[in-house]
Amino acid sequence: MKIIIPIKRVLDPYTQARVNKQTEQVDLANAKMAMNPFCEIAVEEALTLKESGAASETIAVSIGTDKTVDTLRTALAMGVDRAIFIKTESELDLQPLHIGKILANIIRREEAELIIMGKQAVDNDNNQTGQILSGLLDYSLGTFISKFELSADASSVEVSREIDSGIEIRKLNLPAIVTVDLRLNEPRYASLPNIMKARSKPLETIELDSLGIDTSPRIKVISVVESGTKDRASKQISSAEELFSELNQMGVL
Amino acid sequence: MSALILIELNGSEVNASSRAAITAASQLSDSIDALVLTNDSSNSESVSKLAGINSVKMIVDDALEHANVEVASKLIAEAMSGYKYLVSGSSTYSKNILPRVGALLDVQPISDVCEIKSNNTFVRPLYAGNIMATVESSDEIIIMTVRATAFEHSGDGGSAKVEALSSTIPESNSTFISLQESQSERPELTTAARIVSGGRGLGSKENFALIEQLADKLDAAVGASRAAVDAGFISNDYQVGQTGKVVAPQLYLAVGISGAIQHLAGMKDSQVIVVINNDPDAPMSRMADLVWQTDLFVALKELNEYQI
Ligand SMILES: Cc1cc2nc3c(=O)[nH]c(=O)nc-3n(C[C@H](O)[C@H](O)[C@H](O)COP(=O)(O)OP(=O)(O)OC[C@H]3O[C@@H](n4cnc5c(N)ncnc54)[C@H](O)[C@@H]3O)c2cc1C
């Protein structure tokens, strides 16, 4: 069984996003970038399956400009077998529907039966790509999973989904797409020897244009503004009595 | 230019986020229908009472008891014929299904809409809510989820006619096994007027009971940081934040929570924020209205013992 892990390069999740006054866009030019944390969890899950003997091959796929290769190398250093880089000439505003179509093309070509990916990317917070991809391929879908178990005959998976009312357990027949939540596993770090080894692992480059997919934007971003948290007056208190009396005055009790 | 609302039911009750979706849709269209997928036709009752709804379309089948996304998305895509908008609340129910409907209709959905600027222009959060983007859709059909904290929850008072759609239920490649539902007598987190939320600082599941005790005293819901959920102090459905629930109560009391941007993303619009933390530099304190800088166990003991 081949596993494909689509991954995304994003602004480091612990960095505050800023709008560049000149470009009026989110400033990524000199920002610290990282693999989307949910993608790291997806990579980890695929590697665990490979190590258990259940998967024959793990393939990371990412779409973007040349810098995206760094992120693919990180996945290779974590242990993924090979990588596919879909190269765009410039920073295109690719949306989940476009990404879904591109990934569907690669997945059909590779005949992969299991797709493990993040439930959302922490830049655009769309939480859509896995769902869209499953619709395009007509694969079964398990979103927001915190547990994953492959059946003994590798024909289905049992997943636990973190939903608003608790945990839902479902069985998905393969081929399937799962989107992972934070509590599925603890992703490993790439060791130095593995980072070295990753440099010689196979990385195939495919020009986006060669796939013949319409990537004209469906959604245009008109403007972005910073809306980070505003500091408040922060009055110091020091007893339960003081707290209750303040809250009473504010009328929130 | 009519709109269809995908209604989410909790038992037989209409979910609050679906009510927010009705309010949002009313800014886009004067002709709003509701769509319900259910295994129980008596569930139409609460939906037909919703104010502002023309008609209720129901698809009733045993297979729809636990909304199977592969089946639901096909049925919804079919039901969309003739509609311009598909609107639903930002819940895990809709986030699971709506993008797949988008794929079937070749539409790029819009997630977490917080404001409607015009019939195709919307404001939505990016980067854990640190950026608000105004986006314009050029799709013929517009599919979106809306934040329940950003729109009023439309009430009852209507008497819409109910129409059963005779859809063929497609084959499915997945099966429901079980649901582990959190049972709680406390107010529901996303609609509560008051929330007492605990973080890693609580140290253990046993200590987290102090948060629950205070919540009961204040008739508040319980919330948690990711660290508290990861450590097993409380179950996943209590997590507030970028990847948990988004809340905007009148009072948010954060105990032993440092205030990472991912947590703030879920609660920064709270009206009054109170922080209990022994670290004067915790980022959480900067956005607090009231800060009690102390050991949280001392504070919780005093609060729980205090006679209101
Ligand atoms: C992709 C991604 C998504 C995430 N999504 C979320 C999310 O949705 N929600 C979320 O909450 N987090 C989320 N996080 C995690 C987030 O970054 C933080 O790690 C997390 O919020 C920290 O939880 P915490 O504040 O409870 O713990 P900590 O940061 O460890 O803070 C504990 C606090 O307790 C205080 N404290 C400890 N002991 C005491 C005491 N005795 N008395 C008083 N105060 C005490 C400390 O001073 C400290 O401020 C996400 C992270 C990533 C990478």
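The values are calculated or read from the model by the stated rules, or taken from the named source; none is laboratory data. As the structure is a computational prediction, the values presented were derived from the model and not from experiment. Virtual Cβ from ideal backbone geometry, glycine too; neighbours counted across all protein chains shown.
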Report yes if A:ASP81 is in contact (Cβ under 8 Å) with a residue 40 or more places away in the chain and out of contact with any helix residue (DSSP H, G or I) (no Cβ under 8 Å at 6 or more places or on another chain), otherwise no.
no
Considering only the range A:215-253, how many residues are more than 7 Å from every other protein chain (Cβ to nearest Cβ) and within 30 Å of A:LYS101 (Cβ to Cβ)?
3
For residues that are farther than 30 Å from A:ALA17 by Cβ and among the basic types (Lys, Arg), tally how many sit in the range A:200-247.
1
What are the pairs, 6+ residues apart or on separate chains, where a residue within the range A:20-47 that is modelled with pLDDT of 95 or more has its Cβ under 6 Å from a residue that is away from the ligand (no atom under 16 Å from the Cβ) and in a helix (DSSP H, G or I)?
A:VAL43/A:ALA75; A:VAL43/A:MET78
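Taking the stated definitions as given, is B:GLY266 within 12 Å of the ligand (Cβ to nearest atom), outside any helix (DSSP H, G or I) and within 12 Å of chain A (Cβ to nearest Cβ)? It would help to see each step written out before you state the result.
Details: within 12 Å of the ligand (Cβ to nearest atom): yes; outside any helix (DSSP H, G or I): yes; within 12 Å of chain A (Cβ to nearest Cβ): yes.
For B:GLY266, the condition - within 12 Å of the ligand (Cβ to nearest atom), outside any helix (DSSP H, G or I) and within 12 Å of chain A (Cβ to nearest Cβ) - is met.
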Would the range B:115-129 turn up any residue that is in contact with a strand residue (DSSP E or B) (Cβ under 9 Å, 6 or more places away or on another chain), within 20 Å of A:LEU141 (Cα to Cα) and either in a strand (DSSP E or B) or free of Cβ contacts under 8 Å to residues at least 12 places away in the same chain (or both)?
no
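Looking at the structure I just gave you, is B:GLY241 in contact (Cβ under 8 Å) with a residue 12 or more places away in the chain and within 16 Å of B:THR190 (Cα to Cα)? Give the steps one after another, and end with the answer.
Working: in contact (Cβ under 8 Å) with a residue 12 or more places away in the chain: yes; within 16 Å of B:THR190 (Cα to Cα): yes.
Considered against the rule, which asks whether it is in contact (Cβ under 8 Å) with a residue 12 or more places away in the chain and within 16 Å of B:THR190 (Cα to Cα), B:GLY241 comes out as yes.
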I'd like the residue in the range A:1-28 that is within 19 Å of the chain's Cα centre (by Cα) and among the hydroxyl-bearing types (Ser, Thr, Tyr) and, out of all such residues, is surrounded by the most Cβ atoms within 10 Å (Cβ to Cβ).
A:THR15
Residues located in the range B:271-308, provided they are away from the ligand (no atom under 14 Å from the Cβ) and part of a loop (DSSP other than H, G, I, E, B):
B:GLN271, B:ASP289, B:TYR306, B:GLN307, B:ILE308
Among the residues that make up the range B:181-190, is at least one of them within 14 Å of the ligand (Cβ to nearest atom) and in contact with a helix residue (DSSP H, G or I) (Cβ under 9 Å, 6 or more places away or on another chain)?
yes
Failed condition for B:PHE176, given (1) closer than 25 Å to A:SER134 by Cβ; (2) within 14 Å of chain A (Cβ to nearest Cβ); (3) touching a helix residue (DSSP H, G or I) at 6+ places or on another chain (Cβ under 6 Å):
(3)
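Among what's in the range B:227-257 and is aromatic (Phe, Trp, Tyr) and within 12 Å of the ligand (Cβ to nearest atom), pick the residue that is nearest to the chain's Cα centre (by Cα).
Within the range B:227-257, the subset aromatic (Phe, Trp, Tyr) is B:233, B:238, B:252.
Now narrow it down to the ones that are within 12 Å of the ligand (Cβ to nearest atom): B:233, B:238.
Details: B:PHE233: 22, B:TYR238: 12 Å.
Looking at the filtered set, the residue picked out is B:TYR238.
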